[in-house]
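Below is one structure, written out as C-alpha cells; the observations come after it.
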Amino acid sequence: LAGGVAALAVAAGLWRIYFRQLSEDVEERLAGRDGDDRTKLASHAYTFLHLPLVAGIVLTALGVETTLHQVADSEHYDLSEPLHGLQAWALCGGVGVFLLAASAIRLRIGGRPPIVLLASAVVAMFAGLAVTHIPALLSLVLLAVAVAVITALHGRTTRTPEPEPSAQ
C-alpha cells in the first residue's frame, strides 16, 4: 500500500510540473508569436525537447514497476533488499532525465533559468546510484517526498515568462 501511494505521488508530482507549471508557460509563449518564430518554438518544445521528457517518464516507470514488483513478491525478496542494475538507477535517474528535459524546455521558451529543476535533476541522477544501497520501498518513498518538495519549490520560484514583443 505504501509503495502504491508513493508511486502515485511521484506520478502526480511529475504531472503537476509538466501540465500545471511548464505547459501553460509554453502555450502562453506560443500565443505571443506567429509565423516561423511560432513554428520553430513549437517544434523545439513539442518534438525535440519532448523526447527526453518522455524517456524520463519511461525510465521512472521502469524503476517504479520493478520496485512495486519486488515489494509485492515476498517469496523472492525481503523488504530490506535494494534494487539492482539499471532498474535501480532508473527509479531516480528517470526523474532526473525528466527534470533535465523540463529545464531545457523552460530555457528554450525564455524567462528565468529553472535553478530548482536543474539542481534537482543533477541530484536525482546521482541519487540513482544510491538506490542500490537502501531498501527498494524506502527509495520509492524518499523519491515521492523529493518530487513533492521539488514541485512545491519550483512552483514558488517559477514566474511566467513575459511574452516577447513580436517583430513587425
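The values are calculated or read from the model by the stated rules, or taken from the named source; none is laboratory data. The structure presented is a predicted model; accordingly, all values stated were derived computationally and were not measured. Neighbour counts run over all protein chains shown; Cβ positions are idealised from the backbone, glycine included. Note: accessible area is taken over every heavy atom of the protein model, side chains too, but ligands, DNA and RNA are not part of it. Shrake-Rupley method; radii C 1.70, N 1.55, O 1.52, S 1.80 Å.
Numbers below:
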| read-out | value |
| --- | --- |
| Under 10 Å, Cβ to Cβ, from G155 - net charge with Lys/Arg +1 and Asp/Glu -1 | +3 |
| Nitroxide proxy distance, nm - points 7 Å out along Cα→Cβ at D34 and H76 | 6.0 |
| Listed residues G93, G110, G32, most fluctuating in the chain (Gaussian network, C-alpha, under 10 Å) | G32 |
| Unit charges at the beta carbon, dipole of the chain: most positive-side option, A72, I134, A152 | A152 |
| Whole-Hz ³J(HN,Hα) from phi, Karplus 6.51 cos²θ - 1.76 cosθ + 1.60, for region 46-54, glycine and proline x | 9, 10, 4, 7, 7, 4, x, 4, 5 |
| Mean ellipticity per residue at 222 nm, deg cm²/dmol - from DSSP H runs of n ≥ 4 across the chain, formula -39500 (n - 2.57) | -23500 deg cm²/dmol |
| Calculated diffusion of the chain, Stokes-Einstein form, Kirkwood radius summed over Cα pairs, 20 °C and 1.002 mPa s, µm²/s | 129 |
| Solvent-accessible heavy-atom area per residue, rounded to whole Å², over the chain at 1.4 Å | 54 |
| Added length on full extension, which subtracts the Cα-Cα distance from 0.36 nm per residue, A12 to I134 | 41.6 nm |
| Surface share of carbon and sulfur [accessible, 1.4 angstrom probe, percent] for region 11-63 | 64 |
| Total charge dipole magnitude, the chain, about the Cα centre, Cβ charges on Lys, Arg, Asp, Glu only, Debye to nearest 20 | 540 |
| Surrounding net charge for S43, when Lys and Arg each add one and Asp and Glu each subtract one, Cβ distance under 13 Å | +2 |
| Spin-label pair V122/A152, simplified geometry with 7 Å Cα→Cβ offset, distance in nm | 2.4 |
| Debye equation applied to the C-alpha atoms of region 1-82, log10 I(q)/I(0) at 0.12, 0.13, 0.21, 0.24 Å⁻¹ | -0.52, -0.58, -0.98, -1.13 |
